[in-house]
Number of protein chains: 2
Amino acid sequence: MSTRIFPTAQDAEAAFYEALERADLELMMAVWSEDEEIVCIHPGGARLVGQDQVRDSWRQIFAAGGARARLHVAQQVAIAGPMFAVHSVQENFSVPGEKRASQPVVATNVYVRTAAGWRMIMHHGSPAPGAAEPPPPAPPKILH
Amino acid sequence: MSTRIFPTAQDAEAAFYEALERADLELMMAVWSEDEEIVCIHPGGARLVGQDQVRDSWRQIFAAGGARARLHVAQQVAIAGPMFAVHSVQENFSVPGEKRASQPVVATNVYVRTAAGWRMIMHHGSPAPGAAEPPPPAPPKILH
């Protein structure tokens, strides 16, 4: 298994969404705790418990073409203690070439501090009402 | 505000579901943390942040007749540390007199240990696939 260390919960979350956007299964599973009973709920899906179910679900999602979507994570609310962090975010997906934005997802992500840095123990995503938030404008490429 | 103390996260969760079944707004809000930025997501609803939004939402739900439903909470998965607890449960609602069970809800509940006992900081509910789990059989009323 991966030995990648995430020094903060924010680092673990950044890696989680990087893995999701790149459809990188190894990076995705490096974010999840190996020690705890982990729980993952994809939007509209059944609850998955434990490493095997969680890994299988991401493998299937990534094989189905998850890598094609661009992802913009917004509106983070974070509640954190020394050993745990709870993040609530809105995930906005857009597929290049498609004009209509996908329905956004509201996600609850819980991280714990382990001997191997911060790891995810819970991801609960569900469809959010309303339209996706547009990604922030790209910074200007030419400054002067 | 309430001064009720919940000695464990399980006690807070029991009070949360008792408040939900009885449509008891004061008990419901006694479960939630007053110190932290709290987050509540009802199934299919927008994310609510802070005491005012959370209280208003429960007031509306209870006024709309939430008290008529019976609630059976099942399949708990709990991940707990000394200062926090994450519970994943399935909420099965049934309305007396209606044969068809409501769609179950999968919920993520996060509690923290505060100076005033254990309090809820996050409730994220979303529709779960599949049928509601039947309530456990009532214990026999006559033992001999």
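The values are calculated or read from the model by the stated rules, or taken from the named source; none is laboratory data. Small disclaimer: the values here were computed from a predicted structure and weren't measured. Methodologically, a virtual Cβ is constructed for each residue, glycine included, from the backbone with ideal geometry; neighbour enumeration extends over all protein chains shown. Calculation scope for accessible area: heavy atoms of the full protein, side chains included, ligands and nucleic acids excluded. Shrake-Rupley method; radii C 1.70, N 1.55, O 1.52, S 1.80 Å.
Apart from one condition, A:Asp56 fits all of (1) modelled with pLDDT of 95 or more; (2) within 8 Å of chain B (Cβ to nearest Cβ); (3) over 25 Å from B:His42 (Cα atoms); the exception is (2). Scanning region A:94-121 for residues that are assigned to a strand (DSSP E or B) and open to solvent by 50 Å² or more (accessible area, probe 1.4 Å) turns up just one, A:Arg113.
What are the residues in region B:59-74 that are modelled with pLDDT of 85 or more, assigned to a helix (DSSP H, G or I) and surrounded by 13 or more Cβ atoms within 10 Å (Cβ to Cβ), if any? Passing the criteria: B:Arg59, B:Ile61, B:Phe62. For region B:8-21, the count of residues that are away from chain A (no Cβ under 14 Å), open to solvent by 80 Å² or more (accessible area, probe 1.4 Å), touching a residue at least 60 places away in the same chain (Cβ under 8 Å) and among the β-branched types (Val, Ile, Thr) is zero. Residues of region B:28-57 that are closer than 20 Å to B:Arg113 by Cβ and open to solvent by 20 Å² or more (accessible area, probe 1.4 Å): B:Glu34, B:Asp35, B:Glu36, B:Glu37, B:Gln51.
Say whether the condition of being more than 9 Å from chain A (Cβ to nearest Cβ), in a strand (DSSP E or B) and either within 17 Å of B:Leu20 (Cβ to Cβ) or modelled with pLDDT of 85 or more (or both) is met by at least one residue in region B:128-136.
no
Here is the figure for region A:11-45: residues that are farther than 21 Å from A:Pro104 by Cα and part of a helix (DSSP H, G or I) total 8. Got at least one residue in region B:101-111 being more than 17 Å from B:Phe6 (Cα to Cα), at the interface with chain A (Cβ under 10 Å from one of its Cβ atoms) and of a type in the set (Ser, Thr, Tyr)? Yes, the conditions are met somewhere in region B:101-111. For region B:78-100, a residue qualifies if it is within 10 Å of another protein chain (Cβ to nearest Cβ) and over 30 Å from A:Pro82 (Cβ atoms), and exactly one does: B:Gln90.
For B:Gln90, the stated conditions hold: it is assigned to a strand (DSSP E or B), closer than 25 Å to A:Gln90 by Cβ and either touching a residue at least 60 places away in the same chain (Cβ under 8 Å) or open to solvent by 10 Å² or more (accessible area, probe 1.4 Å) (or both).
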